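Heads up, the thing below is written out as structure tokens.
The values are calculated or read from the model by the stated rules, or taken from the named source; none is laboratory data. The structure displayed is predicted, hence computed values, not measured ones. So basically every Cβ, Gly included, is an ideal-geometry build from the backbone, and we count neighbours across all protein chains shown.
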Amino acid sequence: MKKPKNEFGLIFWLHLQIILLIFASPFVFSWKAIAFIIGLYIIQIQIFKGCVLTQKQFATKDHNDSFYSYQYLAL
């Protein structure tokens, strides 16, 4: 896995905020909004062959790279 130059840049913080918002979504959004967001996420995965933020953050299109795996391996 290619290591980015700045591990805690803007993309990292944006990615982390989105993930935290997703974890809090059942307490913040209605189930209809959550279903819509999940649908958008699935469309993104199909069109771009992965998460756009992950590809931008790690400069890779490897399907095995993820925000979680990179952060856990960095510990």
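Which one of the conditions (1) surrounded by fewer than 13 Cβ atoms within 10 Å (Cβ to Cβ); (2) modelled with pLDDT of 90 or more does residue 3 fail to meet, given that it meets all the rest?
The one condition residue 3 does not meet is (2).
Only residues that are among the charged types (D, E, K, R) and under 15 Å from the mean Cα position of the chain (by Cα): list them for segment 26-58, please. Walk me through it before giving the result.
Applying the first criterion (among the charged types (D, E, K, R)) to segment 26-58 yields 32, 49, 56.
Answer for segment 26-58, where residues must be among the charged types (D, E, K, R) and under 15 Å from the mean Cα position of the chain (by Cα): 49, 56.
Criterion first (loosely packed, with under 10 Cβ neighbours inside 10 Å and out of contact with any Leu (no Cβ under 9 Å at 6 or more places or on another chain)) does residue 31 satisfy it? Please lay out each step first, then the result.
Values: loosely packed, with under 10 Cβ neighbours inside 10 Å: yes; out of contact with any Leu (no Cβ under 9 Å at 6 or more places or on another chain): yes.
Yes.
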